[in-house]
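Only one structure is covered here, and it is reproduced in the block below.
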Amino acid sequence: MQWKAKLMKPFDLYEISRIRPYLMGIATLWITFYHSKYLNLFNSAFLTKTRLLGLFTRIESIGNCGVDLFFFLSGLGLYFSYARLQEEDPHPLKSFYQRRYGKILLPILLVTVVTFGLIQVDDLANWAGGVFLYGYFLPNLTRGNFWYLSAILVFYLFYPLLHRFLQGRREGLRAAGLIAAAVGAALLVRAAAKEYFYTHAILFMARLPVFILGAWAGKLCYRHQKVPMIVPLLAVPINLLLLVLIADRPLPDFPKFYEYAVFVPCIVLSHAYVFSKFRKRGFLTRSVAVIGTYSMEIYLIYESIYNHAGSLFHQMESTGLVYALTVFTATLVLAVLLRMVTDQLTRVYRAQK
């Protein structure tokens with residue numbers, strides 16, 4: 001039958017890589033929206049009057065998924081980057097670290113030194129731990145809100161090993177085994193040091209499986225793996241079902257992070273399918289993709305703004321939608337400027353070598 005032929009028609013997973021900037025923008029907006037609760041976004045009179053507050057609260061309640069989407073897309077992007085370097089560069093490992101850490105470490109150091117330099121320093125050890133990110137790994141130091149940066153630096157550091165592990169045959173089984181090992185390690189840490197697990201390790205270790213999953217998906221996309229059209233089609237209803245289940249049936253802290261590892265691929269596949277049908281990109285789609293290209297800078301600056309907003313603005317209880325949008329707009333402008341500064345510093349450094 002004709003409908004059976006359509007369901008079994010090949011779908012190229014490379015479509016996912018085509019919309020990666022857009023998906024990064026979705027992840028960025030989702031994370032900043034989730035963190036906007038610290039800016040009292042939900043005190044907005046507009047959201048209350050228009051009865052949108054319930055919808056916004058539901059989306060915010062699973063805002064952690066935005067971080068998982070970020071890690072998934074990071075793993076996918078790293079596979080493309082490293083695979084191309086292996087094909088084109090005589091020293092792929094050296095070039096990989098130079099490119100990745102050049103784009104990440106400089107903006108991290110600039111933003112953290114500036115923001116931590118503006119606040120009163122009561123404890124030099126905690127201040128240094130925040131600036132140089134090692135505080136995340138030590139239970140006796142304040143973790144702060146920069147845990148994501150610590151995690152991504154570690155993931156990038158060991159990525160070449162993961163890339164090599166995924167080569168050869170049966171990479172799906174290898175990825176599954178590595179994910180199982182990561183979950184097992186998390187369980188061991190939880191059993192050995194429950195307090196440390198819930199305050200530090202869960203944020204880092206619970207995101208490792210979705211990062212591995214993203215790297216494996218990157219390999220499938222890179223080699224133009226074909227799957228039956230029914231796979232991305234099924235992702236749409238599964239996506240909606242998981243959205244309801246995750247929001248309405250909250251799980252304890254440990255397992256709830258892993259349900260996002262199923263949710264994220266469904267989000268990615270469903271978007272890839274929809275966008276494969278519409279080659280033209282509208283203004284809204286292009287705008288979200290632009291936000292995605294500045295994702296790291298936006299994350300850095302927005303974290304710093306909301307982290308210190310209480311000391312900068314003394315009437316936080318009266319803030320709402322306009323305030324949150326103003327903060328995000330300022331963040332986007334500062335993110336563009338930060339990218340310009342770091343690019344210029346990088347060019348100067350390379351010219352002097």
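The values are calculated or read from the model by the stated rules, or taken from the named source; none is laboratory data. Being a predicted model, the structure only gives us computed values, none of them experimental. Glycine also receives a Cβ, built like all others from the backbone with ideal geometry; neighbour counts cover every protein chain displayed.
Some notes on this structure:
- The set of residues in the range 87-104 that are aliphatic (A, V, I, L, M) and surrounded by 15 or more Cβ atoms within 10 Å (Cβ to Cβ) contains only Ile104.
- Taking the range 285-301 as the range and being more than 14 Å from the chain's Cα centre (by Cα) and either buried (at least 18 other Cβ atoms within 10 Å of the Cβ) or not polar (S, T, N, Q) (or both) as the test, the residues that pass are Arg286, Val288, Ala289, Val290, Ile301.
- Some residue of the range 290-300 being within 15 Å of Ala27 (Cα to Cα), of a type in the set (S, T, N, Q) and at pLDDT 85 or above: yes
Condition check ((1) modelled with pLDDT of 85 or more; (2) buried (at least 23 other Cβ atoms within 10 Å of the Cβ); (3) closer than 30 Å to Leu157 by Cβ; (4) within 22 Å of the chain's Cα centre (by Cα)) across all residues:
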{"site": "Met205", "(1), (2), (3), (4)": "no, no, yes, yes"}
{"site": "Ala215", "(1), (2), (3), (4)": "yes, yes, yes, yes"}
{"site": "Gly218", "(1), (2), (3), (4)": "yes, yes, yes, yes"}
{"site": "Gln225", "(1), (2), (3), (4)": "yes, no, yes, no"}
{"site": "Pro237", "(1), (2), (3), (4)": "no, no, no, no"}
{"site": "Leu240", "(1), (2), (3), (4)": "no, no, no, yes"}
{"site": "Arg249", "(1), (2), (3), (4)": "no, no, no, no"}
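- Test: residue in the range 38-50 that is of a type in the set (Ser, Thr, Tyr), surrounded by 18 or more Cβ atoms within 10 Å (Cβ to Cβ), modelled with pLDDT under 90 and not in a helix (DSSP H, G or I): yes
- Flag for Ala186 being among the aliphatic types (A, V, I, L, M), crowded, with 23+ Cβ neighbours inside 10 Å, within 22 Å of the chain's Cα centre (by Cα) and at pLDDT below 85: no
- Of note, Phe278 satisfies the criterion of being among the aromatic types (Phe, Trp, Tyr), at pLDDT below 85 and assigned to a loop (DSSP other than H, G, I, E, B).
- In the range 322-331, residue nearest to Tyr34 (Cα to Cα) [restricted to those that are aliphatic (A, V, I, L, M) and surrounded by fewer than 19 Cβ atoms within 10 Å (Cβ to Cβ)]: Leu325
- Residue match in the range 79-92 (condition: at pLDDT 90 or above, hydrophobic (A, V, I, L, M, F, W, C) and over 30 Å from Leu334 (Cα atoms)): yes
- Test result for Ser311, modelled with pLDDT of 75 or more and part of a helix (DSSP H, G or I): no
- Test set (1) modelled with pLDDT under 85; (2) touching a Ser or Thr at 6+ places or on another chain (Cβ under 7 Å); (3) not charged (D, E, K, R) - Gln98 fails condition number: (2)
- Cβ pairs under 8 Å, 6+ apart, first in the range 216-232 and in contact (Cβ under 8 Å) with a residue 12 or more places away in the chain and closer than 17 Å to Leu85 by Cα, second of a type in the set (D, E, K, R) and not in a loop (DSSP other than H, G, I, E, B): Lys219/Glu171
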